[in-house]
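Written out below as structure tokens is the structure these notes cover.
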Amino acid sequence: MRVQLSVNGEKHEADVEPRLLLVHLLREDLRLTGTHIGCDTSHCGACTILMDGRPVKSCTVFAVQANGKQLMTVEGLEQDGKLHPLQASFMSEHGLQCGYCTPGMLMTGYAFLQKNPRPSEDEVRMAISGNLCRCTGYVNIVKAVQHAAATISQGGA
Amino acid sequence: MIPAAFEYHAPTSLGEATALLARLGEDAKVLSGGQSLIPMMKLRLASPPHVVDINGIAGLAGLREADGFLRIGALTRESDLEESALIRTRYPLLHETSKVIADPIVRNLATVGGNLAHGDPANDHPATMLALGAEVVATSPRGERTIPIGAFFTGPFATALRPDEILIEVRVPVPAARSGGAYVKLERKVGDFATAAVAVQLTLSAAGTCEQVGIGLTNVGLTPIKATAAEAALKGKRLDDAAMAQAAKLAAEASDPSADLRGSVEYKRDLVRVLTGRALRRALARAEGKG
């Protein structure tokens, strides 16, 4: 089947089998390997991307379902060679160790901060409860999201 | 994990979709949010030769009150239920249920209609809809029909929906004055199925006795369970500690759990007793305007 979709503002077309999962289209056909495959059973959230602005687990969506949709992956966060404040905050607050969950955490965090620009710690923890990290104990990830919220609200980029 | 190959259909009207289902029969599965179906297909627990994606059909999502019912479109996402001010303020039982289904990302795609049509006794909406006395509206080339929720769950992963029918709407009676509800779920972690969960919806009379009560149980039997003996024991009574303890005991007796990694039969049955007591107390407080 022919699908047309926009990824990080760029239009793509591909011929896909209906059973192809969206995460495989992104990684293998479009070579956008920032999106990770973790558990492959919709638990871990490493494959989280935005579809029409909402975080979804791309291992649990068929590529054909993304026909006509606007997607955003972790590659879309950086603009003109400059990291997004959320990415900069994950660096400065040490919000990662191995980095495997990070693309999913960033995409969930990005959508969450648009809905809730000044979240409490509890709200951040609830928001990322569909993204598993096995290294950090979440403490610095929560700090990073709150740090990003403060940076963005002060007009920082 | 790669699902078995299938043919994909993306109808844009209900007529087109139900005609497809009538033609394909048992070979077709309806794809709604896909958050149960796609994992099952990846694990090869399901290998439907045809998948009928209903996401392109307009008008199947949305929440509104009309003609004495809250009408929930089948494609309404759990996150829309969770974020709705109408649901938060008027339907605490539904609001609490939506917040504990799977995880926040899964809820962006998962739908209310899918949660029911999947027929999984571990899903959360079935018990809640049993407690609320909801109705399910289904459509097919033969027309539309309304199925009372009590007749909807016919077995494990089996519902009253016929192969050519699509669930299009869930209707929840608008609660009377002095009503309250609660959903109390024990889960090992966010995203897990319930070890057990209990949904309660009740209405008090002007005199403060229990006029109406619905109690639904999650994941403690082969189907979602309506604890009818517990309900009957409460009707017309003042909801004091003794009455609630008796109802909680009857709800535990109505459960029929299996032992698994989440616990033994004895543990789960006692959990139903404890959670029923908590749900009744929280629902009562809300009905009295204290919740």
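Key figures for this structure:
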| read-out | value |
| --- | --- |
| Hits among lysines - C-alpha to C-alpha of A:Lys82 under 25 Å, sequence gap 8 or more where chains match | A:Lys11, A:Lys115, A:Lys143 |
| HN-Hα J in Hz across the stretch B:146-157 - Karplus 6.51, -1.76, 1.60, θ = phi - 60°, x for Gly and Pro | 10, 10, x, 4, x, 9, 7, 8, 9, x, x, 6 |
| With 5 Å bins from 0: P(r) over chain B, alpha-carbon pairs, percent | 1, 6, 12, 17, 18, 16, 13, 8, 5, 3, 1, 0, 0 |
| Other-chain or far-sequence residues with amide H under 5 Å of B:Glu169's (modelled H) | B:Ala74, B:Val137 |
| Cα-only Debye scattering, the stretch A:84-126: base-10 log of I(q)/I(0) at q = 0.16, 0.31 Å⁻¹ | -0.41, -1.27 |
| Tally of Lys pairs whose C-alpha atoms are under 19 Å apart, taken over the stretch B:159-275, 8 or more apart or cross-chain | 10 |
| Relative contact order (%) - the stretch B:17-123, alpha-carbon pairs under 8 angstrom, separation at least six | 26 |
| Long-range amide H partners of A:Cys44 with built H, under 5 Å | A:Cys39 |
| Where labels lie 7 Å past Cα in the beta-carbon direction, separation of B:Ser205 and A:Glu10 in nm | 7.1 |
| Mean projection area, nm², convex hull over Cα of the stretch B:17-115 | 7.4 |
| Most fluctuating residue given options B:Asp120, B:Asp27, B:Asp103, as computed from a GNM of chain B linking Cα atoms under 10 Å | B:Asp27 |
| Radius ratio Rg over Rh of the protein assembly as shown, counting only Cα atoms, Kirkwood formula for Rh | 0.99 |
| Sequence-distant residues sharing a close amide H with B:Gly208 (under 5 Å, placed H) | none |
| Theoretical ellipticity at 222 nm over the protein assembly as shown - DSSP helices of four or more residues, -39500 (n - 2.57) apiece, nearest 500 | -9000 deg cm²/dmol |
| In Hz, Karplus ³J(HN,Hα) per residue of the stretch B:186-202 (6.51, -1.76, 1.60; θ = phi - 60°; x = Gly, Pro) | 9, 10, 5, 7, 4, x, 7, 5, 5, 5, 6, 8, 9, 10, 10, 9, 9 |
| Antiparallel bridges, percent of DSSP beta bridges restricted to chain B (to nearest 5) | 85 |
| Cα-centre dipole for chain B with unit charges at Cβ (Lys and Arg positive, Asp and Glu negative), debye to 20 | 760 |
| Average beta carbon contacts from partner chains per residue of A:52-64, 10 Å cutoff | 5 |
| Compactness of the stretch A:1-94 as Cα Rg over 2.2 N^0.38 Å, two decimals | 1.09 |
| Debye, to nearest 20: dipole size of the stretch B:93-179, +1 on Lys, Arg Cβ, -1 on Asp, Glu Cβ | 180 |
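Where a number appears in this text, it was derived from the coordinates with a stated rule and is not lab data. Only a predicted model underlies this, so the values are computations on that prediction, with no experimental measurement involved. Positions of Cβ are generated from backbone atoms using ideal geometry, with glycine treated the same way; all protein chains shown enter the neighbour counts.
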